[in-house]
Amino acid sequence: MKKAVFQKLHKAIGVMLVFAMVVSLAACAKSNPSPGTENPAKGNTTEDQSAQGGSTEDKIVNIGMTDSISSVNPLLMDATEIMKTSTALEFLPLVELNRNLEFEGMLASSITTEDNIHFTVNIDPNASWSDGQPVTADDVVYTVLKLSSPVRANASMALYAIEGVGDDGFSEEGATELSGVKAIDSKTVEFTTKYQMALTTFQNTYGRYILTLPKHILESVADEDLAGYDWFNAPTVVNGPYRITSVDLQHYVSYEANDTYWKGTPKINRLNIKIVPAAQLLTGLQSGEIDFVQQTTGNILQEDYASVEALGNVTVNYGAPVINQSIFFNTATVTDPRIRQAILYGIDRPSIITGLLNGKGEVVDGFLSSAGPFYDESLTPTAYDPEKAKELVAQAVADGWDASKTLNFYVNSGDTTFCQAADYIAAKLLEIGIKVQVTTVDLSSLMTKAGSKDFDLLAVQYTYAPVDPYPDINWLLSADGWTGYVNDTITQALEATQATSDINEIKKQYLKIDTVMQQEVPMISSYIISAIGAVNKRVMNATPDVYGSFNNIHEWDVTQ
């Protein structure tokens with residue numbers, strides 16, 4: 001998920017996170033399909049290669065994804081993983097997380113800071129555009145300037161933390177420079193933020209999501225024309241390993257290799273993203289129509305895990321446990337923390353993991369999982385204790401809680417596993433004296449409910465970046481956030497995480513936060529998912545994981 005930064009800017013962060021969670025948005029760019037490309041290539045067969053305009057010697061890989069793409073224009077970045085992945089194949093981020101949760105240079109060779117205010121971005125000296133021109137600091141400055149333009153009004157990038165950008169996330173209309181983004185020399189950019197920001201937050205918020213564009217190609221295009229500029233549907237100049245040749249945002253994106261890629265010519269000639277319903281991933285992997293499924297862009301159904309594992313033509317990989325099936329309370333309607341605590345005690349989380357996740361998950365209280373450097377195992381998760389839950393309900397009722405109240409619990413209808421879990425949870429809560437009505441809605445409707453706070457409980461899969469959980473927590477636990485929950489201890493602890501790089505000190509602060517989660521319960525972690533990814537055995541040098549799967553895509557190859 002895309003990140004945001006400081007307490008007084010929660011409203012803008014809320015806009016950004018809604019974009020980040022709604023991964024089935026309407027198309028924002030024109031599709032530009034070419035004849036014969038309505039159905040991207042199947043595997044590596046002659047028939048489908050010719051349909052793609054390729055020869056029988058083409059190497060083709062199909063990546064299965066399960067949500068439509070809002071746009072392939074980086075200036076319209078909505079912070080969803082599917083959009084970022086599809087555009088970052090052409091325009092590299094400055095850095096990206098690898099599977100070991102380390103920031104790895106992509107376009108940048110390094111990002112450093114000495115004061116958590118001034119950040120120096122060193123562009124790789126070898127970085128170049130596909131037309132032979134070097135990628136320069138001016139390209140980065142140009143890109144950030146255009147991202148901040150009020151003409152597009154794209155708040156998703158959370159640029160308001162940068163000097164020269166308004167608190168609404170936009171620069172002045174017609175601005176030609178930003179005081180907080182300066183080219184020091186041809187390969188060095190200095191960013192200046194308004195407040196202290198941890199290096200990991202800068203890297204995760206900006207380094208991973210600023211996709212640098214070629215100033216020498218686009219500078220003559222007027223601001224008002226850039227959002228719908230058809231060039232982005234088949235760009236002529238890129239700095240990444242691939243370029244789009246055709247796109248239908250609801251169904252596929254087709255790419256050809258950038259033969260002049262500065263990190264090395266890709267071994268795969270042609271690449272397709274195939275957007276399919278989650279239920280079709282198993283059959284696609286089985287037939288070979290889909291070669292690769294990554295955990296955050298392709299959602300293999302939990303009920304299909306065993307079948308995918310049994311496929312002889314596929315290698316599976318369970319990603320790090322970072323996807324948090326979170327339940328958020330509207331603390332304005334579920335006001336008594338004892339009721340929220342009772343719900344936590346009343347959910348048999350280990351049984352859900354055993355019964356629905358085949359044991360592939362973990363139980364935690366709060367936001368952090370064992371995959372991250374700030375996780376503190378000394379915080380023992382709350383055990384299932386229905387008798388304790390009943391006591392808490394009785395205490396709350398004695399003090400005025402309405403025992404007849406039915407809580408509205410909204411769940412994503414597309415998450416079939418948690419739909420089952422929600423019904424189980426509702427039955428368990430009825431046993432302790434709490435009535436819950438489960439309502440399943442599509443993800444877009446769920447986000448509308450969240451944004452309007454028209455819910456009592458709401459559940460959604462949420463990925464808190466293990467190396468940088470700050471921005472999400474900072475927004476969710478705020479007056480403007482989904483929970484509406486404010487706590488001075490949490491506010492101070494979050495601020496402290498931004499002022500130090502000492503891992504032990506940061507760990508200490510997050511322990512304070514998760515301890516409050518256990519006591520006040522504005523959110524519950526139902527379980528942490530270890531999601532499955534899969535790759536056809538004919539594809540070499542490719543490993544599906546939560547982070548870093550596509551960092552080395554130019555090194556992927558296929559056996560003939």
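Quick note: the coordinates plus some simple rules give every number you see, no bench work behind them. Remember, it's a predicted structure, so these values are computed and weren't measured experimentally. Glycine also receives a Cβ, built like all others from the backbone with ideal geometry; neighbour counts cover every protein chain displayed.
Given q = 0.15, 0.17, 0.18 Å⁻¹, what are the Debye log10 I(q)/I(0) values for segment 323-529, with equal point scatterers placed on the Cα positions and solvent ignored? Each listed q maps to, in turn, -0.93, -1.21, -1.35.
Select one label from [x] 61, 23, 22; [y] 51, 29, 24; [z] 39, 29, 20: the one whose number is semi-axes √(5λ) of the Cα gyration tensor in Å as derived from the coordinates shown. Looking at semi-axes √(5λ) of the Cα gyration tensor in Å for this model, the match is [z]. DSSP beta bridges fully contained in the chain are about 75 percent antiparallel. The lysine pair count for segment 323-529, using Cα distances under 25 Å and pairs eight or more places apart or on different chains, is 16. The residue among P544, Q420, Y375 whose Cα reaches farthest toward the positive pole of the charge dipole of the chain, with charges on the beta-carbon of Lys, Arg, Asp and Glu, is Q420. Counted by Cβ distance under 15 Å from F328, the other residues give a net charge of -4, where Lys and Arg count +1 and Asp and Glu count -1.
Write down the Å³ per residue value for the convex hull defined by the alpha carbon atoms of segment 468-560.
Working: hull volume 13.9 nm³, N = 93.
Value for segment 468-560: 150 Å³ per residue.
Peptides 477-490, 518-531 ranked from most to least packed by the mean count of surrounding Cβ atoms within 10 Å: 518-531, 477-490.
Over segment 293-384, the hull volume per residue, using the convex hull of the C-alpha atoms, is 135 Å³. Candidates G319, T333, I434 compared by Cα position along the dipole of the chain: farthest toward the positive end lies I434, with charges placed on Cβ. Here the dipole of segment 323-529 is about 360 debye; that uses its Cα centre as origin and unit charges on the Cβ of Lys and Arg (positive) and Asp and Glu (negative).
Note the angle between two axes, namely the Cα long axis of helix 10-21 and the longest principal axis of the Cα atoms of the chain, as a number of degrees from 0 to 90, rounded to the nearest 10. Tilt relative to the chain: about 70 degrees.
Ordering 193-202, 106-115 by mean Cβ neighbour count within 10 Å, with the highest value first, yields 193-202, 106-115. What's the exposure ranking of V253, V516, going from fewest to most Cβ atoms within 10 Å? In order of increasing Cβ crowding within 10 Å: V516, V253. What does the net charge come to around A257 if you take all other residues with beta carbon closer than 15 Å to its beta carbon, with K and R at +1 and D and E at -1? It works out to a net charge of -2.
Given contacts defined as C-alpha pairs under 8 Å and at least six residues apart, what's the relative contact order of segment 323-529, whole-number percent? Normalised by residue count, the contact order of segment 323-529 is 40 percent. Taking the Cα centre of the chain as reference, the dipole from Cβ charges on Lys and Arg (+1) and Asp and Glu (-1) amounts to some 640 debye.
Here segment 75-104 and segment 375-417 have alpha carbon centers that stand 37 Å from each other. When only the Cβ of Lys, Arg, Asp and Glu is charged (+1, +1, -1, -1), the dipole of segment 202-295 relative to its Cα centre reaches about 480 debye. The residues K435, K449, when put in order of fewest to most other Cβ atoms within 10 Å, stand as K435, K449. Coupling constants for segment 312-321 follow from the phi torsions by the Karplus curve (6.51 cos²θ - 1.76 cosθ + 1.60, θ = phi - 60°), and in residue order they are x, 9, 10, 10, 10, 9, 7, x, 4, x Hz; glycine and proline get x. Given the C-alpha centroids of segment 498-560 and segment 175-252, what is the distance between them in whole angstrom? Computed from Cα coordinates, the inter-centre distance equals 25 Å.
Where does helix 416-431 land angle-wise versus the long Cα axis of the chain, in degrees 0 to 90, nearest 10? Approximately 10 degrees, to the nearest ten.
Taking the charge dipole of segment 492-535 about its Cα centre, with +1 at Lys and Arg Cβ atoms and -1 at Asp and Glu Cβ atoms, the residue from I503, S526, T515 reaching farthest to the positive side is S526. Can you tell me the orientation of helix 137-147 relative to the chain, as the angle in degrees between its alpha-carbon axis and the longest Cα principal axis, to the nearest 10? The angle comes out at about 50 degrees. What net charge do the residues around Y410 carry, taking every other residue with its C-beta under 10 Å from that of Y410, with Lys and Arg at +1 and Asp and Glu at -1? It works out to a net charge of -1.
Phi angles of segment 57-73 translate, via the Karplus equation with coefficients 6.51, -1.76, 1.60 and θ = phi - 60°, into HN-Hα couplings of 8, 5, 9, 10, 10, 10, 9, x, 10, 10, 9, 5, 9, 6, 5, 10, 9 Hz per residue; Gly and Pro are given as x. Residue by residue, segment 495-510 carries 3J(HN,Hα) couplings of 4, 5, 5, 8, 9, 9, 10, 6, 4, 5, 5, 5, 4, 4, 5, 5 Hz when phi is fed to the Karplus relation 6.51 cos²θ - 1.76 cosθ + 1.60 (θ = phi - 60°); x denotes Gly or Pro. For the listed peptides 386-399, 90-103, 205-218, a ranking on the average number of other beta carbons within 10 Å per residue, highest first, reads 205-218, 90-103, 386-399.
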